[in-house]
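Beneath this line is the structure, given in structure tokens, with notes to follow.
The values are calculated or read from the model by the stated rules, or taken from the named source; none is laboratory data. The shown structure was predicted, so the numbers you read here are calculated from the model rather than taken from an experiment. So basically every Cβ, Gly included, is an ideal-geometry build from the backbone, and we count neighbours across all protein chains shown.
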Amino acid sequence: MRYRKFGHTSLEVSEIGLGCEHLEGKDTDTVVSVVQAAMDAGINIMDCFMSEPKVRSDLGLALQGSRQRMMIQGHLRSVWKNGQYGRTMDIDEVQFFFEDLLTRLRTDYIDFGMIHMVDNEKDLRDIFDGPILQYALALKKQGTIRYLGISSHNSTVARLAVESGLLDCIMLSVNPAYDILHPAHMTLRPSKENLVDQAHGIDSERFQLYRACQSHGCAITTMKTLGAGILLRSDLSPFGKAMTDHQCIHYALDRPAVASAMIGMKTVEEVARAAAYDTASPKETDYTDILRLSPNYSETGACVYCNHCLPCPASLDIAQIQKYLDLALPSGPVPPTLQAHYESLEHTAIECLECGRCERSCPFGVHVRDRMRQAVARFGK
Ligand code: SF4
Ligand code: SF4
């Protein structure tokens, strides 16, 4: 398993994370065996937003004696009422169900305390201006949650939250359909013709969000990485062609600031399937054929960070340099964290030999040499 730095923290999390949603309703032995298999595969981060008591308790059993092997992303604001999952703005309920989470998980701390599903501006204001944020900050101060985040399906709201500077992480729905299409279009299952009409390269709101996360050192963990399975089916995918798990995971991990791709797993076999990404070949993880189905995307000459242009005789990480360049553009000072990330690269754009080899290999017509010159101008090296 490969590991990644988690935003501005010193933590290293596994590229694949265990999404526990589908363990709800499973028997105790299954929950225990899936968590055990995940840990054995090197997965060290899991998400539990579920409020259902039994799955919480089963996860606690699974983690007993192994708590230090698994970082927990646990949610505040999800509740269990009348035998159903729900969300609340009532601070007493938030507190009750967070304490319930700790008790059932048999732990006295949560690594990443996520304020659950902040999906519209009113909820964001009510949460950030009210007792829920104060409660979360108090938990962080006393060490009961180590880091603070939110989960959201709304890029605009998530960006506002990130720009508050209060968050260490966000859980965000990330997949190529969400980046290229408005999320609402994906649920409508547009025809290929509609996709052509609607796609205009990457959604600018989402791009701003990625940029904000990178600038603030705010880590992203992904959800809907496989598009709830829609992207894996040619009859349902908005691209009219099925992607593989490996392609979806690779796409998510190529986005700026993404630390871990959370995959829902409910069997030991599914754990093995997700963990197999770690040893997949570049051919198996290549998602560019899907993006090429969007003519507007391929016409933009925009880098999609796929690294098809490697090898580079100057050993440049061409995708990473362009990722930083995109996050720094178009004007204004380069955020210090971004400058520091750029400077930590082993080789920077100033070393480009202008051989043009990369441009002959790039499937998206990116003018790499121009981009390397822009990077030198922007970052000074
Ligand atoms: S320049 Fe082209 S091949 Fe290289 S990372 Fe960007 S899109 Fe991929
Ligand atoms: S033009 Fe520059 S970035 Fe592209 S392959 Fe040559 S040295 Fe590498």
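A few remarks follow.
- Residues considered: THR285, THR279. Of these, the only one that is away from ligand 1 (no atom under 16 Å from the Cβ), among the β-branched types (Val, Ile, Thr), closer than 30 Å to THR30 by Cα and modelled with pLDDT of 90 or more is THR279.
- In the range 315-334, the qualifying residues are those that are within 14 Å of HIS347 (Cα to Cα) and out of contact with any Cys (no Cβ under 6 Å at 6 or more places or on another chain), and the one that is farthest from ligand 2 (Cβ to nearest atom) is TYR324.
Yes/no per residue for (1) assigned by TED's automatic domain parsing to the domain that holds ARG106; (2) in contact with a Cys (Cβ under 7 Å, 6 or more places away or on another chain); (3) closer than 23 Å to ALA136 by Cα:
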residue	(1), (2), (3)
ILE16	yes, no, no
GLU21	yes, no, yes
LYS26	yes, no, no
MET50	yes, yes, yes
SER57	yes, no, yes
LEU61	yes, no, no
GLY83	yes, no, no
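- The range 346-381, residues that are in a loop (DSSP other than H, G, I, E, B), surrounded by 20 or more Cβ atoms within 10 Å (Cβ to Cβ) and more than 13 Å from ligand 1 (Cβ to nearest atom): THR348
- Every residue from the range 8-46 that is in a loop (DSSP other than H, G, I, E, B) and surrounded by 24 or more Cβ atoms within 10 Å (Cβ to Cβ): CYS20, ILE43
- So CYS303, is it surrounded by 15 or more Cβ atoms within 10 Å (Cβ to Cβ), touching a residue at least 60 places away in the same chain (Cβ under 8 Å), of a type in the set (A, V, I, L, M, F, W, C) and part of a helix (DSSP H, G or I): no
- Residues of the range 330-345 classified as assigned to a helix (DSSP H, G or I) and either in contact with a helix residue (DSSP H, G or I) (Cβ under 8 Å, 6 or more places away or on another chain) or surrounded by 16 or more Cβ atoms within 10 Å (Cβ to Cβ) (or both), total: 6
- Counting only helices (runs of 4 or more DSSP H) that fall entirely inside the range 86-190 and contain at least 2 residues that are under 30 Å from THR288 (Cα atoms), the qualifying elements are 155-163, 176-180, 183-187.
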